[in-house]
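Participant: Sharing a structure here in structure tokens format.
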Amino acid sequence: MQAPAKTAIPELDLDFVRARFPAFSVPDLAGQSFFENAGGSYACAPVIDRLTRFYRERKVQPYGPYAAAQAGGAETDEARARLASMLGVAADEVSFGPSTTANTYVLAQAFLRGLEPGAAIVVTNQDHEANSGPWRRLGDEGIEVREWRIDPTTGHLDPADLAPLLEDGRVRLVCFPHCSNVVAEINPVAEIVALAHAAGAFACVDGVSYAPHGLPDVGALGADIYLFSAYKTYGPHQGIMVIRRELGEKLPNQGHHFNADTLYKRFTPAGPDHAQVAACAGIADYFDALHDHHFAPEADARIRAARVHDLMRAHEERLLQPLLDAVAHRNAVRLIGPAEAARRAPTVALALNRPAEPVSVALSRHGIMCWAGDFYAVRPLQAMGVDLDQGVLRLSFVHYTGAEDVARLITALDEVL
Ligand SMILES: Cc1ncc(COP(=O)(O)O)c(C=O)c1O
């Protein structure tokens with residue numbers, strides 16, 4: 001049987017996109033180009049509208065017998081169900097927590113109680129601390145922690161280096177990033193997950209730096225845990241966590257004992273922020289609006305999400321290559337991660353031979369909003385020999401960025417570097 005033909009990817013309609021982000025109509029932000037998206041993106045209008053509506057009309061305990069509570073409950077269910085169908089998983093395999101860092105902390109507690117004596121886990125030194133520190137602390141409790149290390153020159157995480165760590169069959173969990181928030185190289189998630197599974201381990205993927213560039217098909221990737229942060233993905237300040245059923249039912253419940261039978265409540269000990277969870281349905285509204293504006297109608301949410309993913313990626317790759325070309329061979333600038341746009345997210349960290357923070361200040365005078373520091377990616381930067389006191393300059397964009405923003409950034413870099 002022939003594979004279905006891939007839908008052609010049209011050019012992204014930037015006016016359509018920007019009309020859906022109120023930030024682009026705020027006078028104080030006009031005339032500036034935003035390059036700190038990896039820290040937190042602008043929120044799209046459907047999210048802001050839903051959040052406001054919840055606070056105005058539905059700010060009561062959801063699911064009660066009266067209309068406002070029913071509407072609020074239905075909206076939180078809608079957020080979970082719609083995001084789940086875009087991610088290719090079941091609705092109860094999606095849960096919300098205060099942040100990705102809080103979510104990994106809870107998951108680490110669950111693994112601590114769920115692992116048998118003699119078990120080991122694998123962590124990387126490419127991860128943001130959120131998908132590293134909470135797991136590494138299990139080492140204090142007698143669990144062996146093995147480090148899968150990056151290449152100190154390129155920051156590359158090689159799957160060939162994972163295989164020996166899995167050889168003795170004692171590893172029960174492999175934690176790694178879809179892409180790091182400083183190296184930005186897109187890791188081959190399905191391949192790594194398959195290696196972990198073949199060795200009898202589960203896989204936990206930090207997708208925080210990837211999801212803003214297009215939601216992944218978590219079902220197809222095979223990850224047992226996939227984490228991302230709504231506030232970097234056009235939404236409110238929530239951590240979104242996919243936990244596949246087989247693992248979620250096996251790990252000890254971390255929520256109230258009487259909620260143990262509800263998968264999406266098992267790893268969220270904090271009471272949910274109902275308004276923000278409900279507002280996450282606005283992310284689905286926005287992605288669907290993007291889809292319907294650019295593609296023929298499609299009933300399957302997973303296919304719609306895949307098309308929007310490709311639409312965003314194509315636009316971002318087109319803008320990213322000139323930026324990489326402009327910085328890759330510059331004197332006294334070290335580009336962290338690959339120089340080919342197709343291999344990475346548009347999160348470009350540069351080590352300079354001087355403190356990076358004053359450079360971000362200088363860029364702000366040219367209308368460039370960006371920042372500098374370690375971005376809680378202390379371990380990868382250290383492993384690559386970057387001076388943490390100097391930090392890196394990070395220039396990160398998403399699909400709502402235009403070619404003129406990148407051109408302005410390149411001109412500004414010429415001035416300040
Ligand atoms: C790659 C990556 N993982 C995890 C996190 C932590 O996310 P949160 O702020 O939701 O805890 C961040 C935040 O910057 C990140 O960039």
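The values are calculated or read from the model by the stated rules, or taken from the named source; none is laboratory data. Model, not experiment: these values are computed from the prediction. Here the Cβ positions follow ideal geometry from the backbone for every residue, glycine too, while neighbour counts run over all protein chains shown. In case anyone asks, the SASA skips ligands and DNA or RNA and just uses the protein heavy atoms, side chains included. Shrake-Rupley method; radii C 1.70, N 1.55, O 1.52, S 1.80 Å.
Participant: Restricting attention to the stretch 73-89, does a residue exist that is crowded, with 17+ Cβ neighbours inside 10 Å and within 16 Å of the ligand (Cβ to nearest atom)?
Facilitator: The answer is yes; a qualifying residue exists.
Participant: Let me ask another. Within the stretch 1-51, work out how many residues are among the hydroxyl-bearing types (Ser, Thr, Tyr) and surrounded by fewer than 17 Cβ atoms within 10 Å (Cβ to Cβ).
Facilitator: Our first condition is that a residue be among the hydroxyl-bearing types (Ser, Thr, Tyr); within the stretch 1-51, this holds for 7, 25, 33, 41-42.
This time we only want the ones that are surrounded by fewer than 17 Cβ atoms within 10 Å (Cβ to Cβ), so: 7, 25.
Residues in the stretch 1-51 being among the hydroxyl-bearing types (Ser, Thr, Tyr) and surrounded by fewer than 17 Cβ atoms within 10 Å (Cβ to Cβ): 2 in total.
Participant: Let me ask something additional. With the requirement that a residue be out of contact with any Ser or Thr (no Cβ under 9 Å at 6 or more places or on another chain), charged (D, E, K, R) and assigned to a helix (DSSP H, G or I), what does the stretch 340-395 give you?
Facilitator: 343, 357
Participant: Here are some conditions: (1) surrounded by 17 or more Cβ atoms within 10 Å (Cβ to Cβ); (2) more than 13 Å from the ligand (Cβ to nearest atom); (3) not polar (S, T, N, Q). Residue 139 meets all but one. Which one does it not meet?
Facilitator: Result: residue 139 passes all but (1).
Participant: Which numbered condition trips up residue 107, out of (1) away from the ligand (no atom under 13 Å from the Cβ); (2) over 30 Å from residue 395 (Cβ atoms); (3) surrounded by 16 or more Cβ atoms within 10 Å (Cβ to Cβ)?
Facilitator: In the conditions (1) away from the ligand (no atom under 13 Å from the Cβ); (2) over 30 Å from residue 395 (Cβ atoms); (3) surrounded by 16 or more Cβ atoms within 10 Å (Cβ to Cβ), residue 107 misses (1) alone.
Participant: Just a yes or no: is a residue in the stretch 256-266 over 19 Å from residue 172 (Cα atoms), among the charged types (D, E, K, R) and surrounded by 23 or more Cβ atoms within 10 Å (Cβ to Cβ)?
Facilitator: Taking every residue of the stretch 256-266 in turn, at least one turns out to be over 19 Å from residue 172 (Cα atoms), among the charged types (D, E, K, R) and surrounded by 23 or more Cβ atoms within 10 Å (Cβ to Cβ).
Participant: Can you name the residue in the stretch 90-104 that is under 17 Å from residue 137 (Cα atoms), out of contact with any Pro (no Cβ under 6 Å at 6 or more places or on another chain) and among the polar types (S, T, N, Q) and is also most open to solvent (accessible area, probe 1.4 Å) among such residues? I'd like the intermediate steps shown before the answer.
Facilitator: Step one: of the stretch 90-104, the residues under 17 Å from residue 137 (Cα atoms) are 100-104.
If we keep only those that are out of contact with any Pro (no Cβ under 6 Å at 6 or more places or on another chain) as well, we get 100-103.
Subsequent filtering for residues that are among the polar types (S, T, N, Q) retains 100-101, 103.
Details: 100: 8, 101: 71, 103: 3 Å².
The qualifying residue most open to solvent (accessible area, probe 1.4 Å) is 101.
Participant: Restricting the stretch 175-194 to residues that are open to solvent by 10 Å² or more (accessible area, probe 1.4 Å) and not in a loop (DSSP other than H, G, I, E, B), which is farthest from the ligand (Cβ to nearest atom)?
Facilitator: 194
Participant: Now, a different point. If only one of 220, 194, 184 is touching a residue at least 12 places away in the same chain (Cβ under 8 Å) and touching a helix residue (DSSP H, G or I) at 6+ places or on another chain (Cβ under 8 Å), which one is it?
Facilitator: Exactly one of 220, 194, 184 is touching a residue at least 12 places away in the same chain (Cβ under 8 Å) and touching a helix residue (DSSP H, G or I) at 6+ places or on another chain (Cβ under 8 Å), namely 220.
Participant: Something else about it: Taking the criterion of being assigned to a loop (DSSP other than H, G, I, E, B), open to solvent by 20 Å² or more (accessible area, probe 1.4 Å), among the β-branched types (Val, Ile, Thr) and closer than 23 Å to residue 374 by Cβ, would at least one residue in the stretch 142-159 satisfy it?
Facilitator: Within the stretch 142-159 (the criterion being assigned to a loop (DSSP other than H, G, I, E, B), open to solvent by 20 Å² or more (accessible area, probe 1.4 Å), among the β-branched types (Val, Ile, Thr) and closer than 23 Å to residue 374 by Cβ), the answer is yes, since at least one residue qualifies.
Participant: Which of the following residues is open to solvent by less than 20 Å² (accessible area, probe 1.4 Å), more than 12 Å from the ligand (Cβ to nearest atom), under 24 Å from residue 36 (Cβ atoms) and touching a residue at least 40 places away in the same chain (Cβ under 8 Å): 214, 248?
Facilitator: 214
Participant: Right, here's the next one. Go through the residues of the stretch 228-236 one by one and say whether even a single one is open to solvent by 20 Å² or more (accessible area, probe 1.4 Å), under 22 Å from residue 122 (Cα atoms) and not acidic (Asp, Glu).
Facilitator: Just the residues of the stretch 228-236 that are open to solvent by 20 Å² or more (accessible area, probe 1.4 Å), to begin with: 231-232.
Now drop any that are not under 22 Å from residue 122 (Cα atoms), which leaves none.
No, the stretch 228-236 contains no residue that is open to solvent by 20 Å² or more (accessible area, probe 1.4 Å), under 22 Å from residue 122 (Cα atoms) and not acidic (Asp, Glu).
Participant: Take the conditions in contact with a helix residue (DSSP H, G or I) (Cβ under 9 Å, 6 or more places away or on another chain) and at pLDDT below 95 and apply them to residue 338. Does it pass?
Facilitator: In short, no.
Participant: Kindly evaluate residue 164 against the criterion of being farther than 25 Å from residue 250 by Cβ and open to solvent by less than 20 Å² (accessible area, probe 1.4 Å).
Facilitator: no
Participant: What are the residues in the stretch 205-217 that are among the hydrophobic types (A, V, I, L, M, F, W, C) and touching a helix residue (DSSP H, G or I) at 6+ places or on another chain (Cβ under 7 Å), if any?
Facilitator: Result: 205, 208, 215.
Participant: Restricted to the stretch 116-135, and to residues that are open to solvent by less than 50 Å² (accessible area, probe 1.4 Å) and in a helix (DSSP H, G or I), which residue is farthest from the ligand (Cβ to nearest atom)?
Facilitator: Pass one, the stretch 116-135, residues open to solvent by less than 50 Å² (accessible area, probe 1.4 Å): 118-128, 130-135.
Those left that are additionally in a helix (DSSP H, G or I): 130-131, 133-135.
Working: 130: 4, 131: 6, 133: 11, 134: 10, 135: 13 Å.
Ranking the candidates gives 135 first.
Participant: May I pose another question? Given the options 340, 298, 357, 316, name the one that is closer than 30 Å to residue 90 by Cα and either within 16 Å of the ligand (Cβ to nearest atom) or surrounded by fewer than 20 Cβ atoms within 10 Å (Cβ to Cβ) (or both).
Facilitator: Numbers: 340 fails: closer than 30 Å to residue 90 by Cα; 357 fails: closer than 30 Å to residue 90 by Cα; 316 fails: either within 16 Å of the ligand (Cβ to nearest atom) or surrounded by fewer than 20 Cβ atoms within 10 Å (Cβ to Cβ) (or both).
It is 298.
Participant: Still on this structure, I have one more. Give just the number: which of (1) closer than 25 Å to residue 24 by Cβ; (2) aliphatic (A, V, I, L, M); (3) in contact with an Asp or Glu (Cβ under 7 Å, 6 or more places away or on another chain); (4) open to solvent by less than 20 Å² (accessible area, probe 1.4 Å) does residue 369 not satisfy?
Facilitator: In the conditions (1) closer than 25 Å to residue 24 by Cβ; (2) aliphatic (A, V, I, L, M); (3) in contact with an Asp or Glu (Cβ under 7 Å, 6 or more places away or on another chain); (4) open to solvent by less than 20 Å² (accessible area, probe 1.4 Å), residue 369 misses (4) alone.
Participant: Also, I was wondering about something else. Taking the residues in the stretch 195-211 that are assigned to a helix (DSSP H, G or I) and open to solvent by 10 Å² or more (accessible area, probe 1.4 Å) as candidates, determine which candidate is nearest to the ligand (Cβ to nearest atom). Walk me through it before giving the result.
Facilitator: Filtering the stretch 195-211 down to residues assigned to a helix (DSSP H, G or I) leaves 195-198, 211.
Filter once more, so that each one left must be open to solvent by 10 Å² or more (accessible area, probe 1.4 Å): 195, 197-198.
Values: 195: 21, 197: 23, 198: 26 Å.
Residue satisfying both the conditions and the ranking: 195.
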